[in-house]
Amino acid sequence: MSAKPPRPPVDRETKPKRSNFSRRGFIQGLGVGGGVLSGGLLETALPNAAEAAPATIGPDPVTITLRLNGKSTQVAVEPRTTLLDALRNRLGMTGVKRVCDRGACGACTMIINGKVMYGCTVLAIDAQGKNIETIEGLAPEGKYHPVSEAFVNNDAQQCGFCTPGFVMAAKNFIDLHPDPTLEDVEKGLGGNFCRCGTYVGIRPAVLEAAKKMKGGARNA
Amino acid sequence: MPNVSDYQWPPMETRKVIGKRISRVDGLPKASGRAKYAYDFYRKDLLFGVLVGCPYAHARVKSIDDSAAKAMKGVTAIEWSVKPGSELQWQGQEIVAVAAETEETARDAARAIKVEYEVLPHVVREDDLAAVGNRAKAAGEQVTGDPDTAFKSAAQVHEGFYHIPVLTHCCLEAHGQTVEWTPNGINYWPSTQGVSTVGGDLAQNLNVPANTVHVDMQNVGGGFGSKFSADHWGVMCANLSKNSGGRPVKMMLERNLELMTAGNRPSGFAQIKVAADQDGKIVAWQSKSWATGGIGGGGAPPIPYVFTNIPHVRLNHSAVATNCGGSRAWRAPNHPQASYLTCSALDDLAHKLNMDPVEFFDKNFELTARADTYKWQIRKAAELMEWASKYKPRGSSPGPVKSGVGLAVCTWGGGGHTSNCLATINRDGSVVIELGTQDLGVGARTIIMQVAAETYGLPLSMIDLRIGKNSYPVSGPSGGSTTSGGVSSSTRKATVNALEKLYEAVAPSLGVQPNQLQAVDARIQVKGDPSKAIPWKQACAKLGTTPIQEKGFNDQRRPEGLNASGVGGVQMAEVSVDTETGIVRMKKFVAVQDVGLVLNPKLAESQMNGAVIMGICGALLEERVMDQQTGKMLNADMEFYKLAGIGDVGEIVSVLDMRPTTDKRGVIGIGEPCAVGVVAAIANAVTNAIGVRVSGVPMTPNRVLAALEGRTA
């Protein structure tokens, strides 16, 4: 088992700025939070990045550090392990559900660097240094996020297995669209499936949560 | 013991908790990701199991070799369910399971296992009855009256061919379990619809005493009729644990196996001939139908559906054995298929008669078992759909994007399953309710607590409800919409019995007889005299050192007025169809349903909405696609096994018939009936829009365009 992480995570509080860009910064940036910025740079900078020749890792587990809900957490995973499986199987974080395991259903939706992602389509080692928000981080023990509460008020769940994914998708959707219409909700949450058929409740739940979050409940 | 009459539900006007729109009590744990499902079992010493399914539709095992897998570091046990010579009858049938320290290792080991097969001939498609040979088993002709003469003298005869495919349950939480085989018994955390029954099933298959299996399941991620059995994989998982030194092994099905082998709904194909007299009364029905539910055949839709009193009927049905995963109960078994086949043919007959389907169905409700119910419902549904203004004769909608309306009917039994409830009142005023039942997400927890709170006159928050373990009193598995009737009745009886005991303890201090007391607003008081009252806690303090503990039992055969069986429903759909792309969009759906006493309208409406959405999936998207060439399922995943998304369902109006006449029947479950008529209503709406019948469902763009062009797809 290799003790040395292949891409040392850099927990920087500030995002790299475009004007400060350097190749060194870029390589760090691959593992750093910064969403849109690093994503936009990838395409132009990629040919140069190949010169950095990363060390071969795996197939044995490697210890990586994940920035989970604001806390740095170490976990040993094989390079092929998805972020979803790392959370569920290694860390016991089971709020994120495994359903299709192929990026189709949205049950493992989490927010990475401010964007919704399916945890089954992200390798854990690629999530190093990124800000990963899961349903566990939405509200402290004993409290509930306004989106969760709105789901209950509007009975937007039955068996509940798709619900955490929906709640995360809805939370991010509202963050990006604070004043959505019903049509927006139907488009914005099209990446999640429910088998019990709870969409009739989810539609008003998201609208209700959006209203509440505008009123200052966002950081509950 | 109290009189039977004491068990009756309180009158509608005095109810304080039941009948109210209360949010589900387990909503927040679920919506915050804190609720634990079988799939979520996690412990440091947990091992991971992986199940391997047969890659062929029909094969015989020639040889097996697990030496490479056994030698892999981290592999703790391998459990075979076949041996050389075993014959496998469908793709995905259980072959072998592996347990290992990590899931990755278990998957590697599963891949390293070598099985040689002799591939045998298969049949996986049943759409062409002539092509399946001796796989079809005819049930024998059934004749009522004189159909031949009736068809000859009828004013109008319609003949048509209709088909509805096999669907899979596609529970989002796959089937599976964790099992820990300890010296003190077998700890079993399954994903199940039968907490009180599944342990015995596992025990029997393991040949161990049933009392050594301890079941615990607090939440289940969907069942829909597919999660009653312990299943082969449960037995294999138990043996993996046993052979791994008793460490817990979690083995949940991968999505492809879930869709191939963990349950499906039989198909339905029918060539139907139906006739009416000049007044539009149905006089004769003849059908040649077939279906498959896997290698065991199965699936006989009860047709003609609902209109069971058609005077002249000839039925021929064949069960087709295919090399596909076996069918399981699927939300109103056989009814959605029967409703689709029947209501499609009747809608086509109405068209031939130049009759509005509402008028035609209404006229023929005399041929059903509950004409009054359906007549009220069809008027209500038509009003909510604004049918009179929206209905246009078939195919007369103008423009390239056409709209149409259609209707269908449903029925179901229900009743209350066997259920025992234990009610405890402690001296400190705390109360405990225990049942070996389960909440599939339909609200069982909530309604049980509502019933207890209603009886005791306490707030919901004071009820400590415990379910999900087979150490609690036996309650039936959740199937056939029998849970609400069962658990509400047993809880009512147990709490009435316990309260009776509390009255006995309190009566002397109020100077009255126990039968003069009532429990209301967290007090025990003299009936109608709030001035003579003791708060609940003080009343309980009058108990001796021994808490009150009373049982309540719902006998499935003697509901004693608390629950009932037999409902009807009318459903209407409005769609738009783009005749250039073939895309069908849902505009509006109306479901009107009688359900007896409604314990919680908020949750009951959710059940109805969910059933409608499941039906929309079946009408427009869902189908198991089998390839006869390879014998394989082509869409054993969630990209191509399609479900509706939030933008696909349109407006849904679900109406519970809560009139006093239905309320007095007692509690009737609602899970099945609303899922029945949806496909038929949408199929009729599409036909009304485009002017031609899409002969099968799901009504995909390809099938719609083919129907418009007069070809088959």
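Details
- Which numbered condition B:HIS169 fails, given (1) outside the structural domain of B:ARG43 (by TED's automatic domain parsing); (2) open to solvent by 10 Å² or more (accessible area, probe 1.4 Å): (2)
- The one condition in (1) open to solvent by less than 10 Å² (accessible area, probe 1.4 Å); (2) farther than 24 Å from B:VAL405 by Cα; (3) touching a Lys or Arg at 6+ places or on another chain (Cβ under 9 Å) that B:SER327 fails to fulfil: (1)
- Candidates B:THR212, B:THR182, B:THR149, filtered to the one that is surrounded by fewer than 21 Cβ atoms within 10 Å (Cβ to Cβ), more than 14 Å from every other protein chain (Cβ to nearest Cβ) and within 30 Å of B:SER289 (Cα to Cα): B:THR149
- Pairs where the first residue, in the stretch B:400-411, is in a strand (DSSP E or B) and the second is charged (D, E, K, R) and crowded, with 24+ Cβ neighbours inside 10 Å, C-beta under 8 Å, 6+ apart: B:SER403/B:GLU574; B:GLY404/B:GLU574; B:VAL405/B:GLU574; B:GLY406/B:ASP347; B:LEU407/B:ASP347
- Residues being more than 7 Å from chain A (Cβ to nearest Cβ) and within 30 Å of A:PRO140 (Cβ to Cβ) - total across the stretch B:6-33: 5
- First in the stretch A:175-192 and at the interface with chain B (Cβ under 8 Å from one of its Cβ atoms), second anywhere and of a type in the set (Asp, Glu) and surrounded by 15 or more Cβ atoms within 10 Å (Cβ to Cβ), Cβ under 9 Å, 6 or more apart: A:GLU186/B:ASP648; A:GLY190/B:ASP648
- Unique residue being of a type in the set (A, V, I, L, M) and modelled with pLDDT under 95 when the list is B:VAL4, B:VAL50, B:VAL75: B:VAL4
- Number of positions in the stretch B:168-186 that are part of a loop (DSSP other than H, G, I, E, B) and at negative phi: 8
- Here A:PRO146 passes the criteria (1) facing another protein chain (nearest Cβ under 7 Å); (2) open to solvent by less than 10 Å² (accessible area, probe 1.4 Å); (3) over 15 Å from the mean Cα position of the chain (by Cα) except the one numbered (1).
- Every residue from the stretch B:307-366 that is farther than 17 Å from B:TRP285 by Cα and either free of Cβ contacts under 8 Å to residues at least 40 places away in the same chain or of a type in the set (Asp, Glu) (or both): B:ASN354, B:ASP356, B:GLU359, B:ASP362
- Checking each residue in the stretch B:9-41 for being open to solvent by 70 Å² or more (accessible area, probe 1.4 Å) and of a type outside the set (D, E, K, R) picks out B:MET12, B:THR14.
- Considered as a group, the residues in the stretch A:98-108 that are open to solvent by less than 10 Å² (accessible area, probe 1.4 Å) and more than 7 Å from every other protein chain (Cβ to nearest Cβ) include one that is nearest to B:TYR641 (Cα to Cα), and that residue is A:GLY106.
- Residues of the stretch A:92-137 that turn out to be acidic (Asp, Glu), in contact (Cβ under 8 Å) with a residue 60 or more places away in the chain and part of a helix (DSSP H, G or I), as a count: 1
- Unmet requirement for A:GLY129, which otherwise passes all of (1) more than 14 Å from chain B (Cβ to nearest Cβ); (2) under 30 Å from B:LEU643 (Cα atoms); (3) open to solvent by less than 20 Å² (accessible area, probe 1.4 Å): (2)
- Members of the stretch B:444-471 that are hydroxyl-bearing (Ser, Thr, Tyr) and either more than 17 Å from B:ASP428 (Cβ to Cβ) or in contact with a Ser or Thr (Cβ under 7 Å, 6 or more places away or on another chain) (or both): B:THR446, B:THR455, B:TYR456, B:SER471
The values are calculated or read from the model by the stated rules, or taken from the named source; none is laboratory data. None of the values given here were measured: they were computed from a predicted structure. All Cβ positions, glycine included, derive from the backbone under ideal geometry; neighbour counts span all protein chains shown. Ligands, DNA and RNA are excluded from the accessible area calculation, which covers all protein heavy atoms including side chains. Shrake-Rupley method; radii C 1.70, N 1.55, O 1.52, S 1.80 Å.
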